[in-house]
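Asks: Please read through the structure below; I'll follow up with questions.
The values are calculated or read from the model by the stated rules, or taken from the named source; none is laboratory data. Worth saying up front: this structure is predicted, and the values here are computed from it rather than measured. As a convention, Cβ positions derive from the backbone with ideal geometry for all residues, glycine included, and neighbour counts pool all protein chains shown.
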């Protein structure tokens, strides 16, 4: 997917097209007033106050038609400057422009761009003439609060894109259509993975049988890998006393992102936004020697965060989610080896799923906003240096990002580029000297003295919900065989004659743990095969007279028009090998 914001040529082209759209809107709606029209990763938009008018789907073609007239007029786009005072006078009847102008320092000149009968404030740059803007498409519209404040008026937001050539525009529109088909919200509905209900609550997903099967398979997969690396698994409560989060500092630094506090029995309780404080309490409950470390505590943990309504995006960003979480309590001399092991585990998992387009980000504290973080400079510099050194020693390419650290420590984030062109944080490794101090954690060292351990917070799959969203979009719902909710379907050619053999095959598969069903409905064979394809079932087994006679199955894989006939033993060996090895070929 194209990033219109980062590409200099496309940025200029799309910013100019935003003005072209505004000019067309002004022709059709003379009362229109305009807030801002920035270029974003997906193209451009403009926020517009149309008074009592509301943009509807069938209005977009009308606006496009007027834009084409403006293109045909071939007006030069001219930049000029006026003083702040002159700008305030010129736009005195436009509260949106006045608001923008008043933010600018006194004594500064303000740049404006004019094309024919339309003038707007803008710092530019723009293309030279409207005739260069003919390859555009308006994509959608929505409401948007002025300045993003829910207490302000709702403006009309219209989105669009502009490309240099008709061919480039057509290719991009095809990419957008593909992205629409990949949207995990659509796939989640089509494949009956999850659902939402306003009656249940905004941003609170309900997992349907297919979705729960996927979650269980993913949980078992990552827990098995963790057990092999010496992790122990625990379960902690989702409702806790606020005393816990006062100690950890979350209540002071994270309260706005939490659900409201509940008061019961002269105590205060909250839905937890994360579970690291509980793991601290678990560690503290036992005396530890330096020989015991590292202690690796892991949990498939349900957490809750009150995300803003506008930020909720299906299961990618919701208010209730499940983390593949862990906390490693170690000695300072074990930090490097533990982080290396976690990094290797991340790379191992990504290899299993065929992820290739990802990068490591070293997320650091922003020293200019030190109030966002707690702890002292020495510990921050120490922990940041240690993470940087491990990445350098492993030869892992990475980039650094100020201001992306957690409030208690720096972290390594793995940014994976999704099929829709979004950067998604899947895995994270955080180095923490702060919470061990706040919870007064210790272990007995070789001299008999009590000293502080260091904590490494790490998530491999990250949020399992987000991981499933990413997988659905990455695979377009064509999931790895071992993860598919229904792995195979047996389709008898003639239900009356072949169902008994179909059910025999299904029973053999079920005995080996394969998730399989028999489709013996009284429907045409072609219809049942097409429905299996639509449901994206990885393996279709069609059986008829010849298969019964030879004790064979005719195998067809999702997305393939070819079929191959195998003996039952050959097929069983093949499918079990693929499921057990968790191979995945795109």
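Asks: Among the residues of the stretch 157-168, is there at least one that is over 30 Å from residue 76 (Cβ atoms) and either modelled with pLDDT under 90 or assigned to a strand (DSSP E or B) (or both)?
Replies: no
Asks: Is the stretch 477-495 home to any residue that is in contact with a strand residue (DSSP E or B) (Cβ under 8 Å, 6 or more places away or on another chain) and in a helix (DSSP H, G or I)?
Replies: Checked against the condition, which is being in contact with a strand residue (DSSP E or B) (Cβ under 8 Å, 6 or more places away or on another chain) and in a helix (DSSP H, G or I), the stretch 477-495 yields no hits at all.
Asks: Would you check if residue 82 is touching a helix residue (DSSP H, G or I) at 6+ places or on another chain (Cβ under 9 Å), within 15 Å of residue 123 (Cα to Cα) and not in a helix (DSSP H, G or I)?
Replies: Answer is yes for this residue.
Asks: Another one. On the basis of being surrounded by 17 or more Cβ atoms within 10 Å (Cβ to Cβ), in the same structural domain as residue 287 (by TED's automatic domain parsing) and outside any strand (DSSP E or B), does residue 335 make the cut?
Replies: When the stated conditions are applied, residue 335 passes them.
Each row is one residue, and each column tells you yes or no for (1) surrounded by fewer than 16 Cβ atoms within 10 Å (Cβ to Cβ); (2) within 25 Å of residue 137 (Cβ to Cβ); (3) in the same structural domain as residue 145 (by TED's automatic domain parsing); (4) touching a strand residue (DSSP E or B) at 6+ places or on another chain (Cβ under 7 Å).
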position	(1), (2), (3), (4)
3	yes, yes, no, no
15	no, yes, yes, yes
35	no, yes, yes, yes
40	yes, yes, yes, no
49	no, yes, yes, yes
55	no, yes, yes, yes
66	no, yes, yes, no
91	no, no, yes, no
111	yes, no, yes, yes
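Asks: So, one more: Can you give me the number of residues within the stretch 85-106 that are touching a helix residue (DSSP H, G or I) at 6+ places or on another chain (Cβ under 6 Å) and assigned to a helix (DSSP H, G or I)?
Replies: So the count comes out to 3.
Asks: Any idea which of (1) in contact (Cβ under 8 Å) with a residue 12 or more places away in the chain; (2) out of contact with any strand residue (DSSP E or B) (no Cβ under 6 Å at 6 or more places or on another chain); (3) under 24 Å from residue 193 (Cα atoms) is the one residue 527 doesn't satisfy?
Replies: (1)
Asks: Run residue 198 past the list (1) in contact with a strand residue (DSSP E or B) (Cβ under 7 Å, 6 or more places away or on another chain); (2) assigned by TED's automatic domain parsing to the domain that holds residue 418; (3) modelled with pLDDT under 95 and report the number of the one that doesn't hold.
Replies: Only one criterion in (1) in contact with a strand residue (DSSP E or B) (Cβ under 7 Å, 6 or more places away or on another chain); (2) assigned by TED's automatic domain parsing to the domain that holds residue 418; (3) modelled with pLDDT under 95 is unmet by residue 198, namely (1).
Asks: Of everything in the stretch 420-453, what is assigned to a loop (DSSP other than H, G, I, E, B) and more than 11 Å from the chain's Cα centre (by Cα)? Give them in sequence order.
Replies: Matches in the stretch 420-453: 433, 439, 440, 441, 442, 445, 446, 447, 448, 449, 452, 453.
Asks: Out of 540, 523, I need the residue that is more than 30 Å from residue 348 (Cβ to Cβ) and at pLDDT below 95. Which one?
Replies: 523
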